[in-house]
1. On a 0 to 90 degree scale, rounded to 10, what angle separates helix B:95-105 from the longest Cα axis of chain B?
2. Tell me the label-point distance for the pair B:E122, B:Y54, using the 7 Å Cα-to-Cβ offset, in nm and rounded to one decimal.
3. State, to one decimal in nm², a quarter of the convex hull surface area for the C-alpha atoms of chain B, i.e. the direction-averaged projected area.
4. Shielding of B:189-198 by partners, i.e. mean partner chain Cβ atoms within 10 Å per residue?
5. Among the lysines, which have Cα under 25 Å from the Cα of A:K49 when same-chain residues fewer than 8 positions away are ignored?
6. Using only Cα atoms, tell me the angle between helix A:108-118 and the longest principal axis of chain A; keep it within 0 to 90° and round to the nearest 10.
7. Compute the normalised compactness of the protein assembly as shown: alpha-carbon radius of gyration over 2.2 N^0.38 Å, N being the residue count.
8. Between A:H69 and A:R142, what is the label-to-label distance in nm when each label sits 7 Å out along the Cα-to-Cβ direction?
Protein chains: 2
Amino acid sequence: MTAEGESPRRQSKGERTAGRILDVAEDLFARQGYEGTSLRQIARGAGIKEPGLYNHFAGKQALYEAVLHRALNPMAEAMAGQIESASRLRDYTDLPSVMTDLLLRHPQMAALFQQALQGDRESVGNQLVTQWLETLFQQGMRSLEGLEPAVTPNAQAQDRETLAINVIAMFNLTTGYFLSQRAFSILAQGDLQDPDNIARQKRLLHRVVRAMLVS
Amino acid sequence: MTAEGESPRRQSKGERTAGRILDVAEDLFARQGYEGTSLRQIARGAGIKEPGLYNHFAGKQALYEAVLHRALNPMAEAMAGQIESASRLRDYTDLPSVMTDLLLRHPQMAALFQQALQGDRESVGNQLVTQWLETLFQQGMRSLEGLEPAVTPNAQAQDRETLAINVIAMFNLTTGYFLSQRAFSILAQGDLQDPDNIARQKRLLHRVVRAMLVS
DNA sequence: GCGATAAATGAACGATCGATAATATTTGGG
DNA sequence: CCCAAATATTATCGATCGTTCATTTATCGC
């Protein structure tokens, strides 16, 4: 999530500094993890001294949660909008593609979410992401199980566990793509964010969804 | 990787202690990450004081690399054996299933590998895992691209980028499963290591591979 | 069982961590 | 333009990090 594009006079100095801090912190947290990132690094990246951070955030933990919150909100809203406006059947199965487009605009969010998800269960960060996943997964479950009979009338009903495993697979497939830039450069030259490769990934996502529906 | 099952007199005291240290370190590194784990924690878990660690490992970094090495070697050998003994075509497409069985015996290795893969590019740990992935991926690529015409004579040849994306997807699908226990408990009750769920996952893996082959 | 060697310990080091207090500077509304 | 409020800085804190050293204790081949 990069800084808002508003005109520099619409924001007060404090707001601009807070935005810069969030930008730097998001990048560093995603690349180095929570414990691996120091407030000194963040302050230096934002062009201020360390104690200045405390004029905008209560502490390291609060800053981390603010980063997650700012990254999670647009994603949640956009996905909610997509889900709500899904009138035709195929709109539901497009969910991974939509999520890919959203992650494409903020590629480091994938790493941020995965870390928060693997992190301390009691932490606010973990609960934030877990809560988001909850609604997302519930919707994914409803999609798969609701569509299946319509699309493939002769398909047998799948048990809840299989549905869950499928939804989780789609999530891992979608986010994992953005965590695999290094692996990709081993196998082929190029950038995973290249439109051609994004198109290839979306094609794969659709094929996998279809493979899940037709059992 | 749990301690060797050898009789307690076959190992010297030092070897036994080193093994305990590796066990504890592997668990903590996988759950909390490299920076998030302190040598004090590891020492306490192994039942010794902190300086005692230095009788067995040169330092934190060396201990971390030893953990990765001990976890990576059996996996690499087992996969190499599977690949070498693959006479029939389907042996190749079974590779994700074989990897699932291996990871099932040491579920925390998935987290370990992902962390090392995302971590510092210069680090020895990253290079260790990257090197392993390289051979694994090369083999996966060769499988997919070599098998395709045989299995589906009417399928068009896929470009290298698509192959790479497919191989990466299979890797993310296979390892991501073992990182998703929390997500699974949101959607359904149960343990992802339950044989029934493992069977469901393997069924999914095979379906996805098939979906990749028949373009 | 003796003795060399391996292993474990207590004490302490410098470095860095997140955080606080006191002070200086800048901002921006009246 | 002024002055209260917002923002930034300097100095410093205690805690914890990884690591080292000198010493004690345990191991195990002979």
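Quick note: the coordinates plus some simple rules give every number you see, no bench work behind them. Since we're looking at a predicted model, the values are computed, not measured. No Cβ is skipped: glycine too gets one built from the backbone with ideal geometry, and neighbour counts run over all protein chains shown.
1. Helix B:95-105 and the main axis of chain B meet at about 20 degrees.
2. Once both label points are built, they end up 2.4 nm from each other.
3. Values: hull surface 56.5 nm².
For chain B, the mean projected area of the Cα convex hull comes to 14.1 nm².
4. Working: counts 3, 3, 0, 4, 0, 1, 0, 3, 4, 1.
Mean number of neighbouring Cβ atoms from other chains: 2.
5. List returned: A:K13, A:K60.
6. Long axis of A:108-118 versus the principal axis of chain A: about 80 degrees.
7. Working: Rg = 22.8 Å, N = 430, 2.2 N^0.38 = 22.0 Å.
Rg over 2.2 N^0.38 Å, computed on Cα atoms: 1.04.
8. Going from the A:H69 label point to the A:R142 one covers 2.7 nm.
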